[in-house]
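Quick note: the coordinates plus some simple rules give every number you see, no bench work behind them. Predicted model, so just to flag it, every value in this text is computed and none were measured. FYI the Cβ positions are ideal-geometry reconstructions off the backbone, even for glycines, and counts take in every protein chain you see.
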Amino acid sequence: MSYRFLVNGAPAEVEVPGMRRLLDVLREDLALTGTKEGCGEGECGACSVILDGQVVAACLVPICQVDGRIVRTVEGLSLAVRSTDGLDALQEAFLVHGAAQCGICTPGMLMAARAYLDGGGGPDELAIREAISGNLCRCTGYTKIVDAIAAVAAHATPATPAAHTAHDARDERDARDEPA
Amino acid sequence: MPAEPPVQSPRSLAEAYALLESAVAPGASGASGAPATPATPLTPIAGGTDVMVRITGELGPIPERLLDLSRLDELTGISLEPGRLVIGARTTYHEIRRSALVREHLPALVEMAATVGAAQIQNRGTIGGNVANASPAGDSLPVLLAADASVLVGSARGERLIAAADFFVSYRRTALAPDELILAIHVPLPGGRVVRFRKVGTRRAQAISKVVLALAYRDHGAAAGWSDVRVALGSVAPVPLRVAAAEAALEGARPTPEAADRAAEALAASITPIDDVRSTADYRRIVAARILHRLIREQGGW
């Protein structure tokens, strides 16, 4: 079967089995190896990409469900900005704050953070921690990653401030509920 | 790379039903006089958060053929119908969290959705998939049991409504026939009914539950106490289940310390969880009883 979709703004067409994972299509068929495979079962978040504006684990998405849709990967972050050094504000902040060590979680972490910020997320630490709770990092202890995302959130003019609604506030409250 | 079994992506429910029917009755829908071929079961895939792990082969047999539901708009949407809330099978946890209707009529389901995985899972996993997968640890299932929900299923033969309490037959087996699809979840409007939810996992995000519990009741005040009490549990048995002894201990009672003690003891005495990789039987029994006790205490305000 042939599947067509947009990757980082450019049209892509692949002739592959429909159950091939989006992760494998990106890495093997399109040579976009920025997206990493960690666990391959949706637990670690290393393969996080943005599908139609939502962060997803690319290891859990069959390509037949991507036909006609819009994918953003870590390679696309710098394409979307026009700053002098060509990096997304999040990539800059990760550098400045020392938010990457071994680096295997970094692409997924950046995409989860990008989806959070694009959804109108703010600099609140607990909300950021919830937004990246599906992304495991075994090096940093998360603090510098949270700091980097918070710095960008604090300086960003939200593209859609209305997206941060009362529901978000309630979601964040829910997220703080201690389990029994 | 994992296995890449064949997949079909029907554009309508009728097309999906025909594919399922032909998988059940080999040759029946084939072209004129085609020889009967052995039936190959069709495994539906919606958000893929369970099925995509199964194609790695690490959890047992790999599905041989898949039926992609992602183009079936008939399975989407949350709506209010007379006397009930209808949640389409393809509704994601993210959509449940954001739904004003679910928040108004069954807030425990919103709380539940917020505890499933993390954003990556909540954006893809569906309530129909949680029900179909029928894991004893499925987070939505105790809420659906406590809320007296039903599962609307359909096939070329027609539609039928199955009570959630009758749906989970045995370990990962459901009342769904091989040619049937889950269409929607029907939740009767609570009308004053309170439903509470609690999950205990290893950590707050991305954790499969060790114990998950939902409590429901109607409060008739000091004189008449609680009625229509439901206590439903996950991760303590081969299926998500209601605990009749704990329900009986609370029926007609007020949320007093004595009633909480009785209900918690009844609960601990009537479940037989197992030791596994996530927890021990003793831990599960004690924690399940403690959660129920705590929920009753919260309702009683003591």
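Percentage of Cα-Cα pair distances in the range B:98-138 greater than 12 Å, rounded to whole percent?
Summing the P(r) of the range B:98-138 above 12 Å gives 64 percent of all pairs.
Give me B:VAL169, B:VAL153, A:VAL7, A:VAL61 ranked fewest to most by other Cβ atoms within 10 Å of their Cβ, as a rough exposure proxy.
Ascending Cβ contact count within 10 Å gives the list B:VAL169, A:VAL7, B:VAL153, A:VAL61.
Which percent of Cα pairs goes in each bin when the distances of the range A:1-134 are cut into 10 angstrom slices starting at zero?
It works out to 13, 44, 33, 9, 1, in whole percents.
For peptide B:53-59, what's the mean number of Cβ atoms from other chains within 10 Å of each residue's Cβ?
3
Over the Cα atoms, compute the radius of gyration (one decimal) and Dmax (the largest Cα-Cα distance, rounded to a whole number) for the protein assembly as shown, in Å.
For the protein assembly as shown, the Cα-based Rg and Dmax read 23.4, 73 Å.
How many percent of DSSP beta bridges within the range B:35-117 run antiparallel, rounded to 5?
Percent antiparallel among DSSP bridges in the range B:35-117 is about 50.
Sequence neighbours fewer than 8 away in the same chain don't count; with that in mind, list the aspartates and glutamates whose C-alpha is under 13 Å from B:LYS199.
A:ASP174, A:ASP177, A:GLU178, B:GLU111, B:ASP139
How large is the Kirkwood hydrodynamic radius of the range B:156-240, in angstrom, based on all distinct alpha carbon pairs?
Hydrodynamic radius (Kirkwood, Cα only) of the range B:156-240 equals 15.7 Å.
Taking every alpha carbon pair in the range B:73-188, what does the distance histogram look like in 5 angstrom bins from 0, in percent?
P(r) for the range B:73-188, in whole percents per bin: 2, 12, 24, 28, 20, 10, 3, 0.
Kirkwood hydrodynamic radius, computed over distinct alpha-carbon pairs, for chain B: how many Å, to one decimal?
When all Cα pairs of chain B are included, the Kirkwood radius is 20.2 Å.
Give the Kirkwood hydrodynamic radius (Å, one decimal) of the range A:2-77, defined as one over the mean of 1/r across all pairs of different Cα atoms. List each step's numbers first, then the result.
Working: mean 1/r = 0.0837 Å⁻¹.
This gives a value of 11.9 Å.
Taking neighbour Cβ counts within 10 Å as the exposure measure, how do A:LEU22, B:LEU241, B:LEU267 sort from fewest upward?
Ranking A:LEU22, B:LEU241, B:LEU267 by Cβ neighbours within 10 Å, fewest first, gives B:LEU241, B:LEU267, A:LEU22.
Report, in order of residue number, the helices in chain B meeting two criteria: a C-alpha extent of 15 Å or more along the helix axis, and a mean Kyte-Doolittle hydropathy of at least 0.0; treat each whole DSSP H run as one helix.
B:13-24
For each of A:ARG114, A:ARG4, count neighbouring Cβ atoms within 10 Å of the residue's Cβ, then give the residues from fewest to most.
Listing A:ARG114, A:ARG4 from fewest to most nearby Cβ atoms yields A:ARG4, A:ARG114.
Can you tell me the alpha carbon radius of gyration of the range B:184-302 divided by the globular rule-of-thumb value 2.2 N^0.38 Å?
Normalised Rg, Cα atoms only: 1.06.
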